[in-house]
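These notes concern the structure reproduced below.
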Amino acid sequence: MKNSFIIILLLVSTLSYATIYHVGSSQNYQSPNALYNANILQDGDTVEIDAENYTGNNCLAAWQNNNLLIKGVGGRPHLFADGEYIMGKGIWVLSGNDITVENIEFSGAIVPDHNGAGIRLDGLGMTVRNCYFHDNEEGILTSNPYSGNILIEFSEFDHNGYSDGYSHNLYIGHVGKLTFRFNYSHNAMIGHNLKSRADENIILYNRIMDEETGNSSRLIDLPNGGFSIIMGNLLMQGNNAENNNMLGYGLEGLSNSLSEVYIINNTFVNKRAASCLFVDIKAGTTIANVSNNIFAGTGTLQTENMTSSETNLVEQTISNLYFTDEPNYDYHLSQNSPAIDFGSVMPPANSYSLIPDAVYVNPTDSAIRTIDNGIIDAGAYEFYLNSGIIQFQNSTSLYPNPANDFIKIESDGFITEIQLYNEYGQLLAKYHNRNIINLSHQTKGLYILKFNTNDGKCFLKKIIHM
């Protein structure tokens, strides 16, 4: 009995409670570097950084605890390295596991080996949300732990790279899973706009482009294959691109656990006059489904390494596709576009739906994609006769959101079914004839509710379970 009491006391004494630390010129810790050097953070703590400019040594930090939340408040703080770096790696090093970084601007990361990163991930897993990386030698660079999940969303990557072809807007090493969605990655400096060696890659609803002056090597490079879904993206190769292939898969060897790639409902636009190979897939790929895409501009769509290729719209004359404003990279469909009703429904892959239910919104946002006549359009956007996204969701409210254990739904419309998805698009539950949903048995995080209505339409709402 006495020993049990001692054990309980020891357990209680080791409990810690999450603390919020404030950083800013008027706070106790005047810079991220000051808080880092104080060495007081514990696992699960929150760091709120005031929206100011932090330059040189003041912006540097190596965050070593797990499950930290580090976010900008009152606007977006700007971390400008100005020639300074930490641990020879860049502006921030994330050594802890599953750290979340929100609403921070990173620029000017330069180090002796030319891999200076806005964020260098040495731990397992992270979330980066609503951040801006520009003019670094690497926007994000990770180590190679062969595990951990990375989520990057609603963020911009612009003019990162040392111009040597080995540094990129993002370079994700050998990790477990990368989810990359609703981001804007453009104008990488000779390197790739997105390079990932992750075992699983879920790349959804992004704008990835060279634009007029960009000279990237590839828009997307998945050199070791892996289970990969590339869906709903806007992909534009400029005339100055270093390589002619816009998307590469397995070109350094199919060494990941699976070699399955699904390239679905993307809009590819090529402006490279010399030559273009839209998609370059390594021979021997087990599944290579390339379907429902728009391939616009002069270029070649090679099909010999594809296992499935359905309803792709290939058109050399870009103007014949009737994009809304192609010179300004707006690839919405106008009324005369041949892409309307051109697509076909794809079956799911490993429980992931291959029917796009969202679209990219410039510069780093998202909207709902609905299919209101049962026939999907080719490319990253669905055409709507009344110009725009279905607005039924405006008459629906969810509260509280963020939610604890329960969330209530109120709607003016008639909802026939509610589906609960996790942040990776996997269906968790279905509900009928109810307006209160119990989340208590779900882990904390981001979820998506999909509503089906009696007129055959559907829409989505994001919820956060705290």
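Side notes on the structure shown:
- Number of the exception - S440 against (1) of a type in the set (G, A, S); (2) in a loop (DSSP other than H, G, I, E, B); (3) at pLDDT below 75: (3)
- Those residues of region 278-327 which are touching a helix residue (DSSP H, G or I) at 6+ places or on another chain (Cβ under 8 Å) and either crowded, with 20+ Cβ neighbours inside 10 Å or assigned to a strand (DSSP E or B) (or both), in sequence order: I294, A296, G297, L313, E315
- Among the residues of region 127-136, the ones that are surrounded by 24 or more Cβ atoms within 10 Å (Cβ to Cβ) and either farther than 11 Å from N169 by Cα or in contact (Cβ under 8 Å) with a residue 40 or more places away in the chain (or both) come to 3 in all.
- Within region 328-351, tally of residues that are more than 23 Å from I229 (Cβ to Cβ) and either buried (at least 20 other Cβ atoms within 10 Å of the Cβ) or aliphatic (A, V, I, L, M) (or both): 2
- Failed item, numbered, when Y21 is tested on (1) crowded, with 16+ Cβ neighbours inside 10 Å; (2) more than 27 Å from the chain's Cα centre (by Cα); (3) more than 16 Å from E102 (Cβ to Cβ): (3)
- Exactly one residue out of E242, E260 is crowded, with 17+ Cβ neighbours inside 10 Å, touching a Ser or Thr at 6+ places or on another chain (Cβ under 6 Å) and among the acidic types (D, E), and it is E260.
- Any hit, region 195-214, residues being surrounded by 21 or more Cβ atoms within 10 Å (Cβ to Cβ), of a type in the set (G, A, S), assigned to a loop (DSSP other than H, G, I, E, B) and touching an Asp or Glu at 6+ places or on another chain (Cβ under 9 Å): no
- Failed condition for N39, given (1) more than 26 Å from V111 (Cα to Cα); (2) loosely packed, with under 15 Cβ neighbours inside 10 Å; (3) among the polar types (S, T, N, Q): (1)
- Meets criteria (surrounded by 10 or more Cβ atoms within 10 Å (Cβ to Cβ) and at pLDDT below 95) for A51: no
- If you go through region 38-85 and keep only what is part of a strand (DSSP E or B), farther than 19 Å from S26 by Cβ and touching a residue at least 40 places away in the same chain (Cβ under 8 Å), you end up with nothing.
- Of S228, S275, all but one fail to be farther than 21 Å from Y331 by Cα, in a strand (DSSP E or B) and among the hydroxyl-bearing types (S, T, Y); the exception is S228.
- Boolean, L427 is at pLDDT 70 or above and not charged (D, E, K, R): yes
- Total residues in region 256-281, condition in contact (Cβ under 8 Å) with a residue 40 or more places away in the chain and among the β-branched types (V, I, T): 3
- Whenever a residue of region 282-300 is at positive phi, its partners that are among the aromatic types (F, W, Y) and assigned to a loop (DSSP other than H, G, I, E, B), lying with C-beta atoms within less than 8 angstrom and at least six residues away or across chains, give the pairs N292/F342.
- A search for C-beta distances below 7 Å between a residue of region 173-190 that is closer than 21 Å to S147 by Cβ and in a strand (DSSP E or B) and any residue that is at pLDDT below 95 and not charged (D, E, K, R), counting only pairs 6+ apart in sequence or on different chains, returns T179/Y424.
The values are calculated or read from the model by the stated rules, or taken from the named source; none is laboratory data. Being a predicted model, the structure only gives us computed values, none of them experimental. Heads up, the Cβs are rebuilt from the backbone with ideal geometry, glycines too, and the neighbour counts pull from every protein chain shown.
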